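Report on the following structure.
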Amino acid sequence: MSTSPSVRETAERTAAVSFTELNARRLGPVRRFFRRHPRAMDAVVVLVFVAITLPSALFLIVDQASWLGMPGLVLAATALAFRRDRPLVVLAFVSVLDVPIGILTMGEGSSGIAAMFALYTVAVAHPLRTTLVAAVSATILSVGSLFLIPAEAFAEAPGAVWVISGFVVIFLGIAVGVGVTVRRDREHESELREWAARNAELASAGERNRIAREMHDVVAHSLTVMVALSDGAAVVMKRDPDRATAVLKELSGTGRTAIADMRRVLGVLRAEAASESLQPLPASSSLAHLLDGFRAAGLPLRVTASGPRLPDDPAFQLTVYRILQESLTNVLRYGKGVTLVDISIARTGHLVSLRVADDGRGAMDPAVSLGSGQGIAGMRERAAIYGGSVDVGARSSGGWVVEVQLTVPDADGGPGHQRGKEKDDDAAQYGGHAHQGSAR
């Protein structure tokens, strides 16, 4: 079953919001703030760079009366403000800028810190191959600029250039490692968000399927019974007004029950009805009430029950109810000249067997069904939930038969289940017709 774009978008938004809230709790308030305000993070990066490099620029001004370090600091800081938009361009700019800054300031100034921030941004924004090429290029420029500085700058410590080069390589490598790790974390987070959205979409489609199946059962059963009752009322209206009045009353009751069932099923689409949807069947619905409705519609039913009562699990009872409802609805809709509908409900240990057989003519052929074609498929889906099966087909003696096998949930009894007052319990469960139903 396909899902409409609006439902899919709603599911994706819901999943994204839920995952975002979960991730936000993991990140903490500070990281959440910078996630929501990336430009604030850019401003912090610029301020950190200025705070680190400004002392050396001021030292040049005070000690050597040289302002050559300030232009480089301003240019690098300005470039870092655009690192998020053009990471590769910013990295190339600050890496190339490091060469003249180092030469003009005799190694006292550098834009190497800016290169670290820019290289981190490249690692976050681009694949690993691009990041490695950019890292090698930036390293060559930064280290190469050190060897272009006049030798007298390192006269007091000849090996300092190699030590500084080692630190440059280490710090740029750290920038790459941190950036790659952040990128992988974000990719993983994105995959989780997509997975959550797909799960929400599948859940939405499954819920729509469940609602569609319930609506099919409610509408098909109710309309079929109402048509049968209205036809019956028209036949007996003149010769037996009292009987016609009773049939019309039953018709009205069936309609009201159908409306209540539809509201209950569709109520799961409303958040405020969530607690109501936990009850699969309304309190007034039971197998006895269902069977009495079909008797009133003209089906001659004979009900035989054996073994312990059905389990108290509401979902299991709903499965039995809907399968029996669908089977009898098909008899009422397709059966011709039906003189007896034999219903057998038997429970043996963890196994519940349900059999509905009629002796009518013109038994339903699924290939030429006048309905939606979802009834039998819906019964099989319901039975499969409880490890069961549904077999349908024509009887050799005429008519149609539905045979269902269901497995009782483990929570309810078992082979050693004790039943008290077996006949009384069965009679109560099936409205006093546990062994013999009346025909009308």
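Overview of values
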| quantity | calculated |
| --- | --- |
| Distance (nanometres) between label positions extended 7 Å along Cα→Cβ at TRP67 and VAL44 | 3.4 |
| List ASP185, ASP242, ordered by accessible area with a 1.4 Å probe, largest first | ASP242, ASP185 |
| Semi-axis lengths, Å, the stretch 282-351, gyration tensor of Cα atoms, sqrt of 5 times eigenvalues | 23, 14, 10 |
| Segment LEU223-ALA315, length gained on full extension (0.36 nm per residue, minus Cα span) | 30.7 nm |
| Rounded to the nearest 10 Å², the accessible area of ILE113 at probe 1.4 Å | 50 |
| Distance between modelled label sites at LEU340 and ARG361, nm, 7 Å Cα→Cβ extension | 1.9 |
| Added length on full extension, which subtracts the Cα-Cα distance from 0.36 nm per residue, ARG184 to SER165 | 4.0 nm |
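The values are calculated or read from the model by the stated rules, or taken from the named source; none is laboratory data. Note that the structure is a prediction, hence the values are computed from the model and not measured. Cβ atoms come from the backbone with ideal geometry, glycine included; neighbour counts cover every protein chain shown. Protein only, heavy atoms only, side chains kept; ligands, DNA and RNA dropped before computing areas. Shrake-Rupley method; radii C 1.70, N 1.55, O 1.52, S 1.80 Å.
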